[in-house]
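Read through the structure below, which is laid out as structure tokens, and then see the notes.
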Amino acid sequence: KDPKNLWGILEGETMSTSAIFPKVTREELYGILDRYLEALKKNDPSQVDWGSHVRYTENNVNLMVGDGVWNTITDLGDYDLRFADVKTGGVGLFGLLEETDDTSPFALRLKVEQGKVVEVETVIVRDKNEPIKFPEKRFEHKPVMNEFLHPDQRVPRERMIALADGYFNTLELNDGTILTKFHPHCNRMENGTQMTNNPNPELNPFAKLSCIEQFQLGRYRYDDRVRDRRFPLVDEERGLVLASLFIDHRGKLGEYRLTDGTVVQSHYRRPHSFYAMELFKIKDGAIEQIEANFITVPYYMPSAWD
């Protein structure tokens, strides 16, 4: 309240940042997440302890609290991949929700300040609305994503973000150049389907390859831009980085050549974008697992968080 004293706080002369925003525990963040999910399931946002100013988006659209899925959710599934950032007060979840006669994977991020929810970002992948269908969906416990890392297996927070960002640099206009580091047994899940190391003939032939093999081939040349990248949550104890981003497809690329000489056709021949939330497992300085939920949005749609 005293501008002079506030200036001292900002300059670090009278109080540390941790004193202004006390560190929150993982258990406290998970408790807030559980109360949010319980309120959502009951279609009752009044049961959430909201901050005085709240930013709420659903599928990259700013909504009033209580609108959107708050009106339509009928239950939550039992898939529960959760994570927390005790330094910034962030907590997130990859899960399943039901809306009457349909079940959809969703990703959720909450920002908590002084015990109150001040930000909500949600991606809900409603298959009935999506042009791309994913077969063989599996939403099951993944030990690799849930394990806590030994301190020797961890890397600094900034390095974790750099590895995730390097993944997107590798993906953008993919030409075979690797700008991050992958574990040999890295796997990637997209909207519930395992898209690497998967021999299922219903998937494209590249799904049987590993993460690094797909990128070394230049498979994703048609990804013109990976933009508006944000990394709002880092769970250092478990080696998890959450990213929000857009992937733009101009639709101009037709026939192109992979690095092994194979000529292929791009299957994206119209302008559109993906809006995604992706979770990276970083272990021993490399990407070990990726979990992604994304939806199709109008081409070059701006970020509601920009």
Show the residue pairs meeting these rules: Cβ distance below 8 Å; 6+ apart or different chains; first residue within region 244-256 and touching a residue at least 60 places away in the same chain (Cβ under 8 Å) and closer than 30 Å to Phe94 by Cα; second residue hydrophobic (A, V, I, L, M, F, W, C) and in a loop (DSSP other than H, G, I, E, B). Ser244/Trp305
By residue number, the members of region 173-185 that are surrounded by fewer than 19 Cβ atoms within 10 Å (Cβ to Cβ) and touching a residue at least 40 places away in the same chain (Cβ under 8 Å) are Leu173, Asp175, Gly176, Lys181, His185
Of all the residues that make up region 19-58, how many are touching a helix residue (DSSP H, G or I) at 6+ places or on another chain (Cβ under 9 Å), surrounded by 16 or more Cβ atoms within 10 Å (Cβ to Cβ) and of a type outside the set (Val, Ile, Thr)? 5
Picking from Asp152, Asp165, Asp223, the residue that is in contact with a helix residue (DSSP H, G or I) (Cβ under 6 Å, 6 or more places away or on another chain) and more than 21 Å from Val91 (Cβ to Cβ) would be Asp223
Strands (runs of 3 or more DSSP E) fully within region 217-306 counting 1 or more residues that are over 18 Å from the mean Cα position of the chain (by Cα) and either modelled with pLDDT of 95 or more or not small (Gly, Ala, Ser) (or both): 240-249, 255-257, 263-265, 272-283
Between Thr74, Thr122, which is of a type in the set (Val, Ile, Thr) and either open to solvent by 60 Å² or more (accessible area, probe 1.4 Å) or without any contact (Cβ under 8 Å) to a residue 12 or more places away in the chain (or both)? Thr74
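Results for (1) open to solvent by 60 Å² or more (accessible area, probe 1.4 Å); (2) among the hydrophobic types (A, V, I, L, M, F, W, C), shown as yes or no for each residue.
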{"position": "Glu236", "(1), (2)": "no, no"}
{"position": "Ser244", "(1), (2)": "no, no"}
{"position": "Gly251", "(1), (2)": "no, no"}
{"position": "Glu255", "(1), (2)": "yes, no"}
{"position": "Asp260", "(1), (2)": "yes, no"}
{"position": "Val263", "(1), (2)": "yes, yes"}
{"position": "Tyr268", "(1), (2)": "no, no"}
{"position": "His272", "(1), (2)": "no, no"}
Is there any pair linking a residue in region 259-283 that is within 16 Å of Val226 (Cα to Cα) to one that is of a type in the set (Phe, Trp, Tyr), with Cβ under 6 Å and at least six apart or on different chains, and which? Tyr268/Tyr222; Pro271/Tyr299; His272/Tyr299; Ser273/Phe246; Ser273/Tyr299; Phe274/Phe294; Tyr275/Phe246; Ala276/Phe294
Are any of the residues in region 62-70 of a type in the set (A, V, I, L, M) and closer than 23 Å to Met189 by Cα? no
Matching strands (runs of 3 or more DSSP E) fully within region 50-148 where at least 1 residues are on the phi < 0 side of the Ramachandran plot, of a type in the set (S, T, N, Q) and within 19 Å of the chain's Cα centre (by Cα): 50-58, 102-113, 116-124
Of all residues in region 96-110, which are without any contact (Cβ under 8 Å) to a residue 40 or more places away in the chain, surrounded by fewer than 22 Cβ atoms within 10 Å (Cβ to Cβ) and closer than 13 Å to Lys137 by Cα? Thr103
Out of all the residues in region 87-94, is one or more out of contact with any strand residue (DSSP E or B) (no Cβ under 6 Å at 6 or more places or on another chain) and among the aliphatic types (A, V, I, L, M)? no
Part of a loop (DSSP other than H, G, I, E, B) and surrounded by 20 or more Cβ atoms within 10 Å (Cβ to Cβ): is that true of Asn198 in this structure? no
Would you be able to say whether some residue in region 202-220 is on the phi > 0 side of the Ramachandran plot and either β-branched (Val, Ile, Thr) or surrounded by fewer than 18 Cβ atoms within 10 Å (Cβ to Cβ) (or both)? no
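The values are calculated or read from the model by the stated rules, or taken from the named source; none is laboratory data. All of these numbers come straight from a predicted model, not from anything done at the bench. Neighbour counts run over all protein chains shown; Cβ positions are idealised from the backbone, glycine included. Surface accessibility is based on the protein's heavy atoms, side chains included, excluding ligands, DNA and RNA. Shrake-Rupley method; radii C 1.70, N 1.55, O 1.52, S 1.80 Å.
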